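The values are calculated or read from the model by the stated rules, or taken from the named source; none is laboratory data. Not measured: the values here are computed from a predicted model. When we count neighbours, we look across all protein chains shown, and the Cβ atoms used for this are built from the backbone with ideal geometry, even at glycine. Protein only, heavy atoms only, side chains kept; ligands, DNA and RNA dropped before computing areas. Shrake-Rupley method; radii C 1.70, N 1.55, O 1.52, S 1.80 Å.
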Amino acid sequence: MSNQPCKFTVAICGGGVGGLTLAVALARYADIQVDVYEATAKFTEIGAGVGLWWRTRTILKALGLEEDVLQLIPGERPTDARVPTLHYRKGDQPEGVSFATIESRGGLLGVHRAEFHEVILRRLPPQCRTFTSKRLSHYVQSPNSPVQLVFEDGSTSTCDILIGADGLKSVVRSTMMRELAQTAEMNHQLAEAAAIRDCVRPRWCGVIVYRTLIPSERLLRLSPNHRVFKGPIQYLGHNRHIMAYPVSKGRFVNFAAFDVDPSQEETFYTDPWVSDADQQEIVRIFSGWELEVRQMVQCLEGLKVNRWVVNVVPPLPSYVSGNAALLGDAAHAMTPFQGAGAGQAIEDAYILAALLGHRLTTRQTAAQALQVYHRIREPLVARVADLSRSNGLHFALHGLGTDSSLPRLRHIGQQLQSNFNWVSETDPTADLARAMESLEATLGRVVRA
């Protein structure tokens, strides 16, 4: 344990991939005390698979996590070269048609979400304090005072900086939006205040996804040469599509089947967001599809399949208020059609940790450092969210109409390639450099003053 004086304490509410990545990144700075509060009784992660693009792997390498993550992946080390990555077929017919294979730098590495989460959890150093069964009720902050955390069990704590990594139903987001709305009301900006309050509640995007892990041996018995064993593949159809790829060193196939109703976008889903699915419901949805799809659906018999309602967070006026900030889904939960949800949370953590760890960031300047975080991350995240929504429309074959000819399908493939190019052609270290430059320009003026 370092004897270096603590410059401030950072409390992270939420122990998922984003929150733990931030904790690992901040723990590199000996003068920052990191406290992680998890609402559940133990640190766990829900969901089946997660895809890691080259941008995300660049950050994991910088944080010293890449080698551990690569232990989850069979075969040779991934390359930095541009390689075939995602194969696309029109599958809503008896004989499917392959029409595109997009390429990306280093490909897409599929890992089991819980295994990935465990890798990060193991890297938390002892000086990082962790607390479970601590579900936040709300927080209170005032100038020149620590942020007070109030938990549902009646206990309280304090910190200098609060990071809300508490997901789609974020308590930190709801408290922050109320805080920002109250400020707007005090300035007689009533319309703006109403718009801010409207950001609290997530919206349904019209998508339901059925998720599970299929034991590979089960599918191999039905189809030894199934295309999914060669790499990530998507089967597309009108308002329905499937994403599948191997995880856990090939022991399982991550299966995600999507049912889309675009007319329901921007509505509120009142039933439970997560429930157990009936296999017959999935059989019905994908009846008449090509054999490879029906074989995967057949493998679902007896498996626990989760039915997820896909909700998104509307664009927020800010990820920051005072000494509190949002990270990951709490700030920008988006549709899953870029495979970028976990990656964007990791990018948030990467930039935020570097800003807070900078020598110019102190208790007195932390709020300004958080504003830099918002300025750097918000436009990048907004672009990814827009690309994800665009991909979702392509996956559901919107705009195809009655013309499903191969040239039209190949045109969709070209659009998908264009939408995925950012994961290969942009570098997160350049974003970090811009963040450091902005921070030093901003806080350098403060120090000189």
**Message:** I'd like the residue in region 355-377 that is in a helix (DSSP H, G or I) and open to solvent by 60 Å² or more (accessible area, probe 1.4 Å) and, out of all such residues, is nearest to residue 146 (Cα to Cα).
**Reply:** 368
**Fill in**
Counting only residues that are of a type in the set (D, E, K, R), free of Cβ contacts under 8 Å to residues at least 40 places away in the same chain and either surrounded by 14 or more Cβ atoms within 10 Å (Cβ to Cβ) or farther than 21 Å from residue 306 by Cα (or both), region 259-280 contains a total of 0
**Message:** I'd like the full set of residues that are among the polar types (S, T, N, Q), touching a residue at least 60 places away in the same chain (Cβ under 8 Å) and within 23 Å of residue 88 (Cα to Cα), limited to region 281-327.
**Reply:** 295, 298
**Asked** Can you find even one residue in region 375-384 that is in contact with a strand residue (DSSP E or B) (Cβ under 9 Å, 6 or more places away or on another chain) and of a type outside the set (Asp, Glu)?
**Response** no
**Prompt:** Quick one: is residue 41 farther than 23 Å from residue 369 by Cα, touching a Ser or Thr at 6+ places or on another chain (Cβ under 6 Å) and hydrophobic (A, V, I, L, M, F, W, C)?
**Reply:** yes
**Asked** Can you name every residue in region 171-220 that is in contact with a helix residue (DSSP H, G or I) (Cβ under 9 Å, 6 or more places away or on another chain), open to solvent by less than 10 Å² (accessible area, probe 1.4 Å) and farther than 22 Å from residue 319 by Cβ?
**Response** 206, 207, 210, 214, 216, 219
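Would you check which residues across region 398-429 are among the β-branched types (Val, Ile, Thr) and open to solvent by 20 Å² or more (accessible area, probe 1.4 Å) and list them?
Within region 398-429, 402, 426, 429 qualify.
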**Prompt:** Does residue 352 meet the test of being closer than 16 Å to residue 171 by Cα, crowded, with 22+ Cβ neighbours inside 10 Å, within 18 Å of the chain's Cα centre (by Cα) and hydrophobic (A, V, I, L, M, F, W, C)?
**Reply:** no
**Message:** Residues that are under 18 Å from residue 244 (Cα atoms): list the strands (runs of 3 or more DSSP E) wholly contained in region 82-180 that include at least 1 such residues.
**Reply:** 82-90, 97-105, 109-112
**Residue check, residue 103 surrounded by fewer than 17 Cβ atoms within 10 Å (Cβ to Cβ) and without any contact (Cβ under 8 Å) to a residue 24 or more places away in the chain** = no
**Asked** In region 239-258, which residues are open to solvent by 70 Å² or more (accessible area, probe 1.4 Å) and modelled with pLDDT under 95?
**Response** 249, 251
**Item:** Every residue from region 221-278 that is in a helix (DSSP H, G or I) and in contact with a helix residue (DSSP H, G or I) (Cβ under 7 Å, 6 or more places away or on another chain)
**Value:** 222, 227, 248, 250
**Candidates 116, 43, 131, filtered to the one that is under 19 Å from the mean Cα position of the chain (by Cα), in contact (Cβ under 8 Å) with a residue 12 or more places away in the chain and surrounded by fewer than 19 Cβ atoms within 10 Å (Cβ to Cβ)** = 43
**Prompt:** From the set of residues in region 302-342 that are open to solvent by less than 10 Å² (accessible area, probe 1.4 Å) and in a helix (DSSP H, G or I), which is nearest to residue 169 (Cα to Cα)?
**Reply:** 330
**Asked** Which one of the conditions (1) in a helix (DSSP H, G or I); (2) free of Cβ contacts under 8 Å to residues at least 60 places away in the same chain does residue 385 fail to meet, given that it meets all the rest?
**Response** (2)
**Message:** I'd like to check something: does region 288-297 contain any residue that is at pLDDT below 95, at negative phi and not basic (Lys, Arg)?
**Reply:** no
**Message:** I'd like to verify a number: residues in region 26-53 that are in contact with a helix residue (DSSP H, G or I) (Cβ under 6 Å, 6 or more places away or on another chain), closer than 21 Å to residue 243 by Cα and of a type in the set (A, V, I, L, M, F, W, C), how many?
**Reply:** 2
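Look through region 67-100, keep the residues that are over 30 Å from residue 407 (Cβ atoms) and within 22 Å of the chain's Cα centre (by Cα), and return whichever of them is least open to solvent (accessible area, probe 1.4 Å).
It comes out as 69.
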**Item:** Residues (in contact (Cβ under 8 Å) with a residue 60 or more places away in the chain and exposed (fewer than 13 other Cβ atoms within 10 Å of the Cβ)) located in region 430-449
**Value:** 444, 446, 447
**Prompt:** What about residue 309, is it over 30 Å from residue 367 (Cα atoms) and touching a helix residue (DSSP H, G or I) at 6+ places or on another chain (Cβ under 9 Å)?
**Reply:** no
